[in-house]
Amino acid sequence: MTTVQKIKEVEDEMARTQKNKATSYHLGQLKAKLAKLRRELLGPQGGGGGGGGIGFDVARTGIASVGFVGFPSVGKSTLMSKLTGTHSETSEIDFTTLTTVPGTVKVHGAPIQILDLPGIIEGANDGRGRGRQVTAVARTCNLIFIVLDVLKPLGDKKTIESELEAFGIRLNKRPPNITVKKKDKGGIAITNTVPLTSIDHDEIKAVCSEYKLSNADVAIREPNATADDLVDVIEGNRVYIPAIYVLNKIDAISIEELDLLYKIPNSVPISSREWLNIDELIDVMWRKLDLVRVYTKPRGAPPDYNSPVVLRRGKSTVEDFCSAIHKEIAKQMKYAIVWGASAKHARGQKVGLEHVLDDEDVVHIAKK
Ligand SMILES: Nc1nc2c(ncn2[C@@H]2O[C@H](COP(=O)(O)OP(=O)(O)OP(=O)(O)O)[C@@H](O)[C@H]2O)c(=O)[nH]1
Ligand SMILES: [K+]
Ligand SMILES: [Mg+2]
């Protein structure tokens, strides 16, 4: 039996099995089995791991990247071309785009790389079409636009989500607050700081046993943690990426239909052809990217608000700021003065290299 067939078999069995006290051990086993089979399929032996492959690995520029994922002909290239001014072929024929096409858009002074990608179809991860290369590129992006055609949004949404999920991509989700620590003896010891609502001890034990973990401390601090969350933590190698559902072609539907679409969380209805609601899309994109703009203030002069140094959240210390300007600056710095959200007082705070900066802070570097 091929891995794809084995996956299908496990999925079918899961669908047949009702979740209750008596089946939770079995379900936990199945979930872990499924994760292992998917890894096999996508690993280096399966041919789908690593980067995107020929034509798919493009030079990465800008402070962050946004990948466009969607079914064929939903309007990805139309959007990308107009947004960035870079030509990417468009037509009513499916699979017009065959590789990654990069472009750049500047938002609030930050250059953001846009990656137009080929359309994907159901079964992408089993090797259909260029789905695997597309999802491999998507894994490396800071934000994913899931582009949907408003005339058939919901079915397509589910399909795309499950293709991305099967590739270890978790959308609009934080890493689960679960730790699993191997030890030498003592069996499986479970502690939880929150009530376990969506997983029970049997299920936890089944997952651990499937991974041959017979002695471990499992600590669950995640409200509503599931067996899939536990599997994710044990498997590792998951990426947590924010996503926006771009509902394209709203020029083709009525206002009443549009109202319904607004109920999809994290969605922005637009028309890339008629250029409708693109401002909202850029706003939401900016917020989801969660970038940190830092303005430099030279001594005795006002801050330079025109060209911020743009950093990523989690990589926004004064040291990161210095390195973004020039690699020698951190060494030459005596101290920094910071004004803005990260500073303790309005008159400015004297800080060191480890200080974490916030969006729109102003920084003066005093040299030795
Ligand atoms: N009505 C309408 N049509 C659109 C819109 N955006 C794109 N289209 C049309 O949809 C078709 C497909 O557009 P593309 O930009 O090539 O779509 P794609 O998603 O890049 O397609 P592939 O590269 O083949 O996956 C073209 O005929 C576009 O003119 C829109 O906002 N409204
Ligand atoms: K097309
Ligand atoms: Mg295209």
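Just a few scattered comments:
- Solvent-accessible area, 1.4 Å probe, carbon plus sulfur percent, for the chain: 51 percent
- Chymotrypsin sites (Phe, Trp or Tyr not before Pro) restricted to the range 263-368 and DSSP loop, no more than 15 other C-beta within 10 Å: 275, 305
- Residue order by solvent-accessible surface for 312, 139 is 312, 139, largest first, with ligands and nucleic acids left out and a 1.4 Å probe.
- Accessible area (Å², 1.4 Å probe, nearest 10) - residue 285: 0 Å²
- Taking all protein chains together, 157, 331 sort by accessible area into 331, 157, largest first [probe 1.4 Å].
- Largest first, the residues 198, 316 sort by 1.4 Å accessible area into 198, 316.
- With all protein chains kept in place, the per residue accessible area of the chain amounts to 50 square angstrom at a probe of 1.4 angstrom.
- Estimated inter-spin distance, residue 354 and residue 174, nm [label 7 Å along Cα→Cβ]: 2.3 nm
- All aspartates and glutamates inside 17 Å of residue 249 as judged from Cα atoms, apart from same-chain residues fewer than 8 positions distant: 92, 94, 149, 156, 257, 259, 274, 279, 280
- Residue 94 paired with residue 23, simple spin-label distance in nm, labels 7 Å along Cα-to-beta-carbon: 3.4 nm
- Loop-located trypsin sites (Lys or Arg not before Pro) in the range 231-270, at most 13 other Cβ atoms within 10 Å (DSSP): 263
- In straight-distance terms, cross-link reach from residue 205 covers every one of the lysines whose alpha-carbon lies under 19 Å from its own, apart from those fewer than eight places away in the same chain; here that gives 19, 21, 31, 33, 36, 181, 182, 183, 185.
- Extension gain for residue 235-residue 279 works out to 11.9 nm (0.36 nm per residue, less the C-alpha to C-alpha distance).
- Heavy atoms of residue 7 accessible to a 1.4 Å probe, total area in Å² rounded to 10: 20 Å²
- Accessible area (Å², 1.4 Å probe, nearest 10) - residue 167: 20 Å²
- GluC sites (Glu not before Pro) within the range 79-144, DSSP loop, no more than 15 other Cβ atoms inside 10 Å: 89, 92
- DSSP beta bridges in the chain [antiparallel fraction, %, rounded to 5]: 50 percent
The values are calculated or read from the model by the stated rules, or taken from the named source; none is laboratory data. Quick caveat, the model's predicted, so the values are computed rather than measured. So basically every Cβ, Gly included, is an ideal-geometry build from the backbone, and we count neighbours across all protein chains shown. Side chains included, ligands, DNA and RNA excluded: accessible areas come from the protein's heavy atoms. Shrake-Rupley method; radii C 1.70, N 1.55, O 1.52, S 1.80 Å.
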